[in-house]
Amino acid sequence: MKEKLPNQLTMARIFMIPIFVILFYLPEGAHFNGFVSQDHSSVMWVIAAIVFAVASFTDWLDGYLARKWHVVSNFGKFADPLADKMLNMVAFVVLVGLHVVPMWAVAIIICRELAVTGLRLLLVEQGGVVMAAAMPGKIKTATQMLSVIFLFIGNPLYRNNPLLCLCLLTIYSGYDYFAKNMQVFRNAD
């Protein structure tokens, strides 16, 4: 049972994504345990932030348990960062749609995520190696997750300048992956 739990947490994170998105499209006045929302957006945003925070916590928990129990798997090394990317990208796209973050910042984040995912696929194809997350990538992911939570609860500190810093961190972590794995391009036909 414990061998499967880290991967099950990763899959749970993926299944929380539609729940997180649906919260933004519930009709006004939705009921939650007898509480009727008068301010639809703020209640839904807080609930969405809680769902997102729980999903984000599973990112830390699945990695912690996999290392503690020595059950790190290729599936986990592949699916965990993919689940993180899906969760973060969907959240940022929702935030663009709600006019909370600028499109340029999300475009940078999405381009980096697609580039690193492509690099991962090349590494697997050329040598069967699944590239695990590096520390700059882990810091980037944690920072993105915290930023999303603060943006959904309406913290104005995570607008403009902090988003620029987040984009710079995103670019740096992408550079780090490519710099450490340039051999994949040298070995290409």
> Any idea how many Lys pairs in the chain come in under 21 angstrom at the alpha carbon, given 8 or more places apart or on separate chains?
Replying inline: 15
>> Quick check: net charge around Leu65, other residues with Cβ under 12 Å of its Cβ, Lys/Arg +1 and Asp/Glu -1?
In response: 0
> In the chain, with Lys and Arg counted as +1 and Asp and Glu as -1 at Cβ, which of these residues, Ser173, Ser56, Asn88, has the Cα nearest the positive end of the dipole, that is, farthest along it?
Replying inline: Ser173
> In nm, to one decimal, how far is the Tyr172 label point from the His70 one, both placed 7 Å along Cα→Cβ?
Replying inline: 3.5 nm
>> Full-extension gain between Met182 and Ala132, please, as 0.36 nm times their residue separation minus the C-alpha to C-alpha distance.
In response: 16.4 nm
> How many nm separate the modelled label positions at Leu82 and Ala12, each set 7 Å beyond the Cα in the direction of the Cβ?
Replying inline: 2.0 nm
> Which percent of the accessible heavy-atom area of the stretch 78-175 goes to carbon and sulfur, probe 1.4 angstrom?
Replying inline: 75 percent
>> Per residue, how large is the accessible surface of the stretch 73-155? Use a 1.4 angstrom probe and give square angstrom.
In response: 43 Å²
> Karplus couplings for the stretch 53-63 from phi (6.51 cos²θ - 1.76 cosθ + 1.60, θ = phi - 60°), rounded to Hz, Gly and Pro as x?
Replying inline: 5, 5, 4, 5, 4, 5, 4, 5, 5, 5, x
>> If you fit an axis through the alpha-carbon atoms of helix 135-152 and take the longest principal axis of the Cα set of the chain, what angle between them do you get, 0 to 90°, nearest 10?
In response: 10 degrees
> In degrees, nearest 10, range 0 to 90: what is the angle between the Cα axis of helix 161-180 and the longest Cα principal axis of the chain?
Replying inline: 20 degrees
> To the nearest 10 degrees, how steeply does helix 103-127 sit against the main Cα axis of the chain, on a 0 to 90 scale?
Replying inline: 30 degrees
>> Could you compute the net charge surrounding Val116? Neighbours are other residues with a C-beta less than 14 Å from the C-beta of Val116; K and R count +1, D and E count -1.
In response: +3
> Based on the Kirkwood radius over alpha-carbon pairs, what is the Stokes-Einstein translational diffusion coefficient of the chain at 37 °C with 0.692 mPa s viscosity, in µm²/s?
Replying inline: 185 µm²/s
> How much length, in nm to one decimal, is gained on full extension between Ala115 and Ile139, taken as 0.36 nm per residue of separation minus their Cα-Cα distance?
Replying inline: 6.9 nm
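The values are calculated or read from the model by the stated rules, or taken from the named source; none is laboratory data. Keep in mind that what you see is a predicted model, and the values were worked out from it rather than measured. Backbone-built Cβ (ideal geometry, glycine too); neighbour counts: all protein chains shown. Ligands, DNA and RNA are excluded from the accessible area calculation, which covers all protein heavy atoms including side chains. Shrake-Rupley method; radii C 1.70, N 1.55, O 1.52, S 1.80 Å.
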